[in-house]
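What follows is a set of notes on a single structure, which appears directly below.
Every number here is computed from the coordinates shown, using simple stated rules; none is lab data. As the structure is a prediction and not an experimental result, all values here were calculated from the model. Cβ atoms come from the backbone with ideal geometry, glycine included; neighbour counts cover every protein chain shown.
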Amino acid sequence: MEKLFSKQNIAKTLLLFFYAIFTFVILLHHEIWADEAQAWLITRDLDISGIFSHLRSEGHPILWYLIIMPFAKLLHFKNAIFSMQVLNWVFMTAGAAVLLFKSPFNLWIKASVLMSSCFLFWYPVNARNYCLIPILLFFTAALYQKRKERSFLYALSVIFLAGTHVIMFGVCSALALAFCVEGVKEKNKRILSACSAIFVVLGGMILYFWGAQDANFIVQNSYPHEYGISGFLRTYEKVVLNIFGFSNFLNTTLFTLFLLFFCFVFYKKDKKILFVFFSNFVFQFGIYMLVWMIHPPRAYLLLLVPLFCFWCIFSRIDSKKLKTTANIFLLLMFLMTVPDGLKLAKLDYLYEFSGGKKAAEFIENNIPKDAFIVSNFPLSTTAVSAYLPKDKWKLYYDGYKNFYTYTIWNRPISHPSVPVPLSELLKQHKNVYVILSTGAFYTDVKPVFESNKTVLRDQEKFRIYKFEREK
């Protein structure tokens, strides 16, 4: 009982409490944007086979979708999507608790992680599959020292971690290979059986997603691939920018020293962990250079995975100087992201993150349910559809030749500046409502609705126009 109410535990509890309250307050002011809305609409509007079929072009494992599916299927009240936001926040708060009460780091390191940009804003506030990564990564780290005794639980943890996001395949494959090598060396059938389970699941995922790039029109046609040394350096600069919110010589140098220092630590203490660390780096950069864009929640993993690796070998480091230097690097790196996280949290509190919610409210209150509403850019209007009741006020996109709610990635999508075929549509409909993302609008017609200032992207601002067929 005395240990339970120690100063350390009281400090950890208070830190968790303030973290949970701060992130929940920002969450209450956060409007769902396109990428968040996409997952909700897929699980709401498709059956399980449809979800599984669609996710190949989405490029995401199914775990997050299975978790939110019961909420999307069963809850149909106004703003039901908030349940997904709360669920996301619960996972992040639980992950924070595991870090605080189970990790071997000092309180300063733990506090710096919770104050960092992704823990403060991106992961708990933006309801996406990234929220599953910290809790599963930390749970795997907590199991690492007992992986041989609890091999199947450890394997299950790695499998679930792989199911969070494709970006984790590098880490999980390396963990599985390292564990398998241990099993072979020790001739441990239990370990080898656990590894077999991991390889079967990872192999299935890889086969499922193999060639998925060709099934995504945006990835296939819109992303400029980077090659060679110059491509790597450009990608490296973008990674630094996405982690810290800015890029200059100082933070690029510090980040490079951080990576090199932990390469040295892992090389000296555990080459298997060095392999995991290096695999994550190579896999992430391969994705960024050859497949898909960099995004802060992904780039941030280049800080989180070293923390995970250090956690795994922490108890085996005897050198006080080495631990002190590692703590200083970790503290510095995570604290350097704090200003960007606070800035984004402040902006989200003050302004709309997306205009989708207000646009949906306008449609519900001012546009008949049977009205014909056409969009020119389905990538952003998912943020509107997610706040509209199911099967009412559907949006039409000429590129799909059909009504839609979620984005269909394997069909061509026009640039947001391309106007809708209005003259053809007015021949078929007396009234046509056109919803456009900012950047594509009619200068000679006043919109009936226009979004307020949004935090990040102009594509999350909407204008709605009403056109009537000439008599």
key: Estimated distance in nm for a label pair at ASN188 and THR252, the labels positioned 7 Å out from Cα along Cα-to-Cβ   = 4.4 nm
request  = For HIS29 and TYR400, calculate 0.36 nm times their separation in residues minus their Cα-Cα distance, and state this gained length in nm to one decimal.
outcome  = 130.2 nm
request  = Mind pulling the angle between the C-alpha long axis of helix 7-28 and the longest principal axis of the chain? Nearest 10 degrees, somewhere in 0 to 90.
outcome  = 10 degrees
ask   = Hey, rough spin-label estimate for PHE18 and PHE77, points 7 angstrom out along Cα→Cβ, what's it come to in nanometres?
value = 3.3 nm
ask   = Say the cut-off is 26 Å between C-alpha atoms; which of LYS102/LYS185; LYS427/LYS466; LYS110/LYS323; LYS187/LYS320 go over it?
value = LYS102/LYS185; LYS187/LYS320
ask   = For the pair LEU107 and LYS392, how long in nm is the line joining their label points, each one 7 Å along Cα→Cβ?
value = 5.2 nm
ask   = Mind checking the angle between helix 249-269 and the chain's longest principal axis? C-alpha axes, 0 to 90 degrees, to the nearest 10.
value = 40 degrees
ask   = Going 7 Å from the Cα of ILE317 toward and past its Cβ, which residues in region 244-282 have a backbone nitrogen under 12 Å from where you end up?
value = 261-270
key: Efficiency of FRET between ASN327 and HIS429 - r from beta-carbon atoms, R0 41 angstrom, step 0.05   = 0.05
key: Calculated [θ] (222 nm, deg cm²/dmol) that DSSP helices of n ≥ 4 give over the chain, each run adding -39,500 (n - 2.57)   = -19500 deg cm²/dmol
query = Given 0.36 nm per residue, what is the gain on full extension from GLU468 to LYS369 after removing their alpha carbon distance, in nm?
reply = 34.0 nm
ask   = Which percentage, to the nearest 5, of the DSSP beta bridges contained in the chain is antiparallel?
value = 60 percent
ask   = List the cysteines of the chain that have no other Cys Cβ closer than 4.7 Å: which are they?
value = CYS118, CYS131, CYS172, CYS263, CYS309, CYS312
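Can you tell me the length gained on complete extension of the stretch VAL200 to LYS238, counting 0.36 nm per residue apart and subtracting the Cα distance?
Using 0.36 nm per residue and subtracting the Cα-Cα distance, I get 10.2 nm.
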ask   = Could you give the angle, 0 to 90 degrees to the nearest 10, between helix 48-58's Cα long axis and the longest principal axis of the Cα atoms of the chain?
value = 80 degrees
